[in-house]
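S.K.: Following this message is one structure expressed as structure tokens.
Since every read-out is calculated from the coordinates, none of them should be taken as a lab result. Keep in mind that what you see is a predicted model, and the values were worked out from it rather than measured. With ideal geometry, Cβ positions are generated from the backbone for all residues, glycine too; neighbour counts draw on all protein chains shown.
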2 protein chains.
Amino acid sequence: MIAVDAMGGDNAPEQIVLGSLLASRLGISIKLFGCKETIISILDKNDFKWKKYDISILDADQIIGMAEEPVNAVRKKINSSIVKAIQSVKQKKCKAVVSAGNTGAFMAAASLILGKKPEINRVPIIGVLPIKDKKKVLCLDIGANVDCKPEYLVQFAYLAKEHARNVLNLDNPRIALLSNGHEEGKGNMLVKKAYELLKKSDLNFVGNIEPYSIFNYYADIIVSDGFSGNIFLKTIEACAQNFITQNYEIGKDGALLLGVKGIVVAVHGNANAQAIKNAIILARNTVVYEENFYGVCEKSIDRTITKDI
Amino acid sequence: MIAVDAMGGDNAPEQIVLGSLLASRLGISIKLFGCKETIISILDKNDFKWKKYDISILDADQIIGMAEEPVNAVRKKINSSIVKAIQSVKQKKCKAVVSAGNTGAFMAAASLILGKKPEINRVPIIGVLPIKDKKKVLCLDIGANVDCKPEYLVQFAYLAKEHARNVLNLDNPRIALLSNGHEEGKGNMLVKKAYELLKKSDLNFVGNIEPYSIFNYYADIIVSDGFSGNIFLKTIEACAQNFITQNYEIGKDGALLLGVKGIVVAVHGNANAQAIKNAIILARNTVVYEENFYGVCEKSIDRTITKDI
């Protein structure tokens, strides 16, 4: 079952509930967290047969706004939809959680409630950049940590390596640093120091990558601080929309938080129903990947389901 | 007369000399710096009538390589084409200088020989981003200073404002900070501190701009450190080439160094003849703009000449 924060995001609850409905029609079990009455009225309005799908609702009467200070909001609003949804994962009632709400609050709540992996200082967000020939490149941090120390970037690389096994089916992914030139010695102080650390590590570090080369598949994983990574990915999205009016949205369909003890998918605040549906599928697929890897395969879930969408 | 470093760049001297030839055919006076014999043989090979254009050559027998440590190279190789070309501007024999060589060395030589404006700590590179409806946005720093202090960004904003009067014909351009979100409070530590300083300044500061909004013309000038700015512009170029195979190269045609006492145009290392020609035109136009503004109009140069190209 996937926990969905029905009240978070610019288009909540309408688009969140609709997206959940779309996902549930694919056979995914969903628990919606938020104002029960409102959620039911949206479901009734859009699909009078919604009860035949596996959708349940947990009433949560508080909402954390998009502009609230994250940590305080999480500590005070213990009955908020975000907090309740994450708690359901902690309590193993749900296997993953999805929210389009206040990203800072969502990340803070995920770190506080689920806990960080012990070897990690910061929790990064990882996104998938689709390139030519259906190849995929994992990018992190794409927005969680705008100021990083060199060792964080190394930690991000290890987290991404582990994740690449699931998503890219690669055991030894090529890891590159986002930089202003491919040569060693290029980069700001952060990148230069991270370069030294990565070179000494046992990772398959292939050096710096500059944006000219991103579509050339020189790396499977691109590591950066959350500020540069965010500028990088948002620029790609802006260009895609400007040059080709093509839907090439990387973060909007949902991006995973790595380094927390649980599967947490953050969705862009202005997500519509389609993006929510895709984020729920990402959450569900990640559950399946991880359970398969750790040998707890859920046979009832068809891994190929996303092909039909 | 425009000084051109014939020996700098991946495609030097062939493409540099060819680009200079193209520019000279438009009526621009050019002085080429480099190995005289080689330059003459390239000119002879490509246009036996080259002597009817205003092309002169100054022999410079040293070359600063792309990988040399900038400041040392400039101090030691006083007969290099880069150093000689910049000296010709200092000595007022030429009005501007163009090089596709080692950017670090070119910048260092420009700062050392021409001198920085007194109010400036660092010399940024400014580029022009073409957006919809023939609008232009100035972006700086696009690569010169990868590690910046908040006050440098404010200095960049003032330099760009002055420059915008020439290039955009705007007296009070809208200045924005490149950031990971448009809201106040977004950004890394550098951006947050620069935001405070810019808010207090007398500039027309319009706040943060995130990449989603770059094509919406919310700002005339986008300020950033040289690392983020470089990632930003190179990503746009990479996307343009990947999505539409359209020639949308921002830095490659030449970008101006601001804050030095002279007109200095840096060209991307892999520039071809066309890019060199455009960089020379940029240099020439900047000369005309500045002379017009300061009342030293050179009547012999037709400002509309670029329209014919």
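S.K.: What is the set of long-range amide H partners of B:ILE57 at a cut-off below 5 Å, with H atoms built 1.01 Å from backbone N?
M.R.: Those qualifying (amide H under 5 Å, at least 5 residues apart or on another chain) are B:LEU32.
S.K.: Just from its helices, what would the mean residue ellipticity at 222 nm be for the protein assembly as shown, if runs of 4 or more DSSP H residues each count -39500 (n - 2.57) and the sum is divided by every residue, rounded to the nearest 500 deg cm²/dmol?
M.R.: Rounded to the nearest 500, the figure is -12000 deg cm²/dmol.
S.K.: Remind me, relative contact order of chain A in percent, using alpha carbon pairs under 8 angstrom and six or more residues apart?
M.R.: Over chain A, the number comes to 22 percent.
S.K.: Related question: Only helices at least 18 Å long along their axis, Cα-based, and averaging -1.0 or more on Kyte-Doolittle count here, so list those DSSP H runs from chain B.
M.R.: Membrane-span-like by this criterion, though nothing is claimed about a membrane: B:150-167, B:226-244, B:273-293.
S.K.: How many percent of all Cα-Cα pairs in the protein assembly as shown sit more than 40 Å apart?
M.R.: The proportion of pairs with Cα distances above 40 Å equals 34 percent.
S.K.: Hey, another quick one. For region B:125-133, take each phi angle, set θ = phi - 60°, evaluate the Karplus expression 6.51 cos²θ - 1.76 cosθ + 1.60, and give the result in whole Hz per residue in order, putting x for glycine and proline.
M.R.: 9, 10, x, 10, 9, x, 10, 5, 6
S.K.: Still on this model: With 10 angstrom as the radius, rank B:ARG122, A:ARG165 by how many other C-beta atoms surround their C-beta, starting from the fewest.
M.R.: Listing B:ARG122, A:ARG165 from fewest to most nearby Cβ atoms yields A:ARG165, B:ARG122.
S.K.: What do you get for Rg/Rh of region B:121-250 when both radii come from the Cα atoms and Rh is the Kirkwood radius?
M.R.: 0.94
S.K.: Taking H as built 1.01 Å from N, whose amide H comes closer than 5 Å to the amide H of A:VAL264, not counting residues under 5 places away?
M.R.: HN-HN under 5 Å from A:VAL264: A:VAL97, A:LEU257.
S.K.: May I pose another question? According to the square roots a ≥ b ≥ c of the eigenvalues of the Cα gyration tensor, what is the shape class of region A:7-47, taking rounded for a/c under 1.5, prolate for a/b larger than b/c otherwise, and oblate for the remainder?
M.R.: Values: a/c = 1.58, a/b = 1.35, b/c = 1.17.
Verdict is prolate for region A:7-47.
S.K.: Looking at region B:96-172, what % of the alpha carbon pairs are farther apart than 15 Å?
M.R.: Pairs farther apart than 15 Å: 62 percent.
S.K.: How many Cβ atoms of partner chains, on average, are near each residue of B:142-148 if near means within 10 Å of its Cβ?
M.R.: Shielding by partners across B:142-148 averages 3.
S.K.: Starting from the 7 Å offset along Cα-to-Cβ, what nm value, one decimal, do you get for the label separation of A:VAL71 and B:GLN241?
M.R.: My value for the distance between the label points is 4.4 nm.
S.K.: Using a 10 Å cut-off on Cβ to Cβ distances, tally the other chain neighbours for every residue of B:223-231 and report the average as a whole number.
M.R.: Partner-chain Cβ atoms within 10 Å, mean over residues of B:223-231: 5.
S.K.: Between A:LEU26 and A:LEU170, 0.36 nm times their residue separation minus their Cα-Cα distance comes to what?
M.R.: Stretched fully, the A:LEU26-A:LEU170 segment lengthens by 49.1 nm.
S.K.: Then there is this: For region B:121-250, calculate the relative contact order in percent as a whole number, restricting contacts to Cα pairs under 8 Å that are 6 or more residues apart. Present the calculation step by step, with values, prior to reporting the outcome.
M.R.: Working: 235 pairs, mean separation 42.2, N = 130.
Here the relative contact order equals 32 percent.
S.K.: For region A:29-161, divide the Cα radius of gyration by the Kirkwood radius and give the resulting Rg/Rh value with two decimals.
M.R.: The Rg/Rh ratio comes out at 1.04.
S.K.: Could I ask something else about it? So if I take the centroid of the Cα atoms in region A:42-114 and the same for region B:46-125, what is the distance between those two points in Å?
M.R.: What the calculation gives is 60 Å, centre to centre.
S.K.: Give me the inter-chain shielding for A:75-86: mean count of other chain Cβ atoms within 10 Å, whole number please.
M.R.: Mean shielding by partner chains, rounded to a whole number: 0.
S.K.: Can you give me the long-range amide H partners of B:LEU138? Hydrogens built in the peptide plane at 1.01 Å from N, cutoff under 5 Å, separation of 5 or more residues or another chain.
M.R.: Amide H neighbours of B:LEU138: B:LEU129, B:ILE221, B:ILE222.
S.K.: Determine Rg/Rh for chain A; Rg is computed over alpha-carbon atoms and Rh is the Kirkwood hydrodynamic estimate from the same atoms.
M.R.: In chain A, Rg relative to Rh is 0.97.
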